[in-house]
Amino acid sequence: MRGEFCLSKLRLMPKVNIVNLIATADLKQFVDLEKLKRVRGFVYDTVIYRCAYLKDDKTQSKVSIFSSGKMISVGSKSHQTAKHDLHYASRRLAELGLITPTRITVKLQNIVATSSLGRNISLENLSTRLPQTIYEPEQFPGAIHYAKEFESASILIFANGKVVFAGLKRLDLLEKAYSARILPTWFD
């Protein structure tokens, strides 16, 4: 159940699943990406993108590595997994002699999580009752809510009751939504 919060005390949203977590780190040194072309686990093809990718049996996410030394972990379901994968990439580069071993600081950049309210929602009514909510069905099939409580993240709410949190920068913001009962009060 990695990436899943079980919050059964709330009747409307029993689970929030983290579906993607993006984290970054900086090696603070140049990486010669050309030398990764034939190394197992790495992909470097300038036709695809201007970075190398690391994805092997020891990583759960894909780590993008730029020649500047900046790295991005995409596709993990937890902060711990993203940290592991970024540290692992740093160690692999050092073992290959492409960088000097270094300590990295992992920074969480974006969390995308989903949930279900378990019932249909009138988006027309919701958009008139919930401040900072946009609903333009000819542009997008869901309502977009910008909650101050979520520090500029957006919450996409669909008529079938599905909810997507996008742009969260801290895991505790998901927990805050439940402890403060922010989300359920919108739909009562």
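The values are calculated or read from the model by the stated rules, or taken from the named source; none is laboratory data. All values derive from a computational prediction rather than experimental measurement. Cβ sites come from the backbone with ideal geometry, for glycine too, and all protein chains shown count toward neighbours.
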*State whether one or more residues within segment 14-24 are part of a loop (DSSP other than H, G, I, E, B) and at pLDDT 95 or above.*
no
*Considering only residues that are touching a residue at least 40 places away in the same chain (Cβ under 8 Å) and surrounded by fewer than 18 Cβ atoms within 10 Å (Cβ to Cβ), look in segment 31-43 and name the one that is nearest to residue 84 (Cα to Cα).*
41
*Sort out which residues of segment 94-128 are without any contact (Cβ under 8 Å) to a residue 12 or more places away in the chain, within 20 Å of residue 65 (Cα to Cα) and not small (Gly, Ala, Ser), and write them in order of number.*
95, 101, 103
_Among (1) in a helix (DSSP H, G or I); (2) more than 28 Å from residue 164 (Cβ to Cβ); (3) among the acidic types (Asp, Glu), there is one condition residue 85 misses while meeting the rest; what is its number?_
(2)
*How many residues does segment 131-153 hold that are at negative phi, surrounded by 11 or more Cβ atoms within 10 Å (Cβ to Cβ) and modelled with pLDDT under 85?*
3
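Of all the residues that make up segment 62-89, how many are crowded, with 24+ Cβ neighbours inside 10 Å and more than 18 Å from residue 170 (Cβ to Cβ)?
The qualifying residues number 5.
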*Taking residue 80 and the conditions (1) part of a helix (DSSP H, G or I); (2) without any contact (Cβ under 8 Å) to a residue 12 or more places away in the chain; (3) farther than 30 Å from residue 114 by Cβ, which numbered condition does it fall short on, given that it satisfies the others?*
(3)
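Please find, among 105, 59, the residue that is closer than 24 Å to residue 19 by Cβ and assigned to a loop (DSSP other than H, G, I, E, B).
Result of the check over 105, 59: 59.
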_Selection within segment 44-61 - among the hydrophobic types (A, V, I, L, M, F, W, C) and either closer than 17 Å to residue 30 by Cα or crowded, with 21+ Cβ neighbours inside 10 Å (or both)_ = 51, 52, 54
*residue 99 passes all but one of (1) modelled with pLDDT of 95 or more; (2) among the hydrophobic types (A, V, I, L, M, F, W, C); (3) in a loop (DSSP other than H, G, I, E, B); (4) in contact with a Pro (Cβ under 6 Å, 6 or more places away or on another chain); which number fails?*
(4)
_Here are the criteria: (1) closer than 20 Å to residue 22 by Cα; (2) buried (at least 18 other Cβ atoms within 10 Å of the Cβ). Tell me which single one residue 98 does not satisfy._
(1)
